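Since the structure comes first, as structure tokens, the remarks are kept for the end.
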Amino acid sequence: MFTGIVEELGEVVALEPRGDSARLTVRGAVVTADAGHGDSIAVNGVCLTVADAEGDSFTADVMKETLDRSSLGALRPGSRVNLERAVRADQRLGGHIVQGHVDGTGEVLSREPGEHWEVVWLSLPANLARYVVEKGSIAVDGVSLTVAGVTDDSFSVSLIPTTLELTTLGRKQPGEPVNLEVDVIAKYVEKLTAATVKGVSA
């Protein structure tokens, strides 16, 4: 599990296609400092398992399901990525519960600079729209954010200087894809409520 608080901006070293999967190598001194085989590291919000760690880089296998649901397949050597290690039980939950299981991708629609922040609008897939509410939480490329505004097919977030400087969201331009993970609690509530309603109807 993760919290959506990015620890560092890493850099893609290689993305090697392997049929219906790929092997990704990423450089990141902070997240690899104590990384070992089998550890979990979120790359742009996608939970990946460390297959090998050497020096300041780690390698992970990316399966077809992950390539289909996320934007990782579009990465190239030199691409910057958000990195976060799995949270420990004794750490503060600084953002919100982020599983690293991307629900789909959106696209940056526009950027509206303010004096000390930016409002960014992003597209919202129809199958995820019901889980996104104003002032709710959403992970965008692994960054825990609060939804500032929402329409039927888009939502906005306000990015503070720290987020603009220390994550990829400060660099994303209109038309570029982002990984989206909605609040898992909303999905559980929907399922439990549906089961209750079904039971009452029966």
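Read-outs throughout are calculated quantities, based only on the coordinates presented, and are distinct from any laboratory measurement. Bear in mind the structure is a predicted one, so any value in this text is a computation, not a measurement. Note that we place each Cβ from the backbone using ideal geometry, even for glycine, and neighbour counts take in every protein chain shown.
Across all Cα pairs in the range 8-85, the calculated P(r) in 10 Å bins from zero up to the longest distance comes to 22, 61, 17, 0 percent per bin. With the biggest extent put first, the Cα atoms of the range 54-117 measure 41, 34, 28 Å across the principal axes. A dipole drawn for the range 1-110 from +1 and -1 charges on Cβ atoms has a positive end, and of His37, Ala14, Thr49 the residue lying farthest that way is Ala14. With contacts taken as Cα pairs under 8 Å at a separation of at least 6 residues, the range 129-202 carries a relative contact order of 31 percent.
When only C-alpha pairs under 8 Å and at least 6 residues apart count, what is the relative contact order of the range 8-85, in percent? 40 percent. Principal-axis analysis of the Cα atoms of the chain puts helix 184-201 at an angle of about 30° to the longest axis. Assuming charge only on the beta carbon of Lys and Arg (+1) and of Asp and Glu (-1), the dipole of the chain about its Cα centre is about 420 debye to the nearest 20. Size of the chain: Rg and Dmax of its alpha carbons, in Å, are 17.3, 60. Counted over all Cα-Cα pairs of the range 1-47, pairs farther apart than 15 Å make up 50 percent. The phi-based Karplus calculation (6.51 cos²θ - 1.76 cosθ + 1.60; θ = phi - 60°) puts the 3J(HN,Hα) values of the range 87-95 at 6, 8, 5, 9, 9, 6, 8, x, x Hz, whole numbers, x for Gly and Pro. The local environment of Ser156, defined by Cβ-Cβ distances under 11 Å, has a net charge of -2 under the rule Lys, Arg +1 and Asp, Glu -1.
Let me check against my output: what whole-number percent is the relative contact order of the chain, with C-alpha pairs under 8 Å and at least 6 apart?
Relative contact order for the chain comes out at 23 percent.
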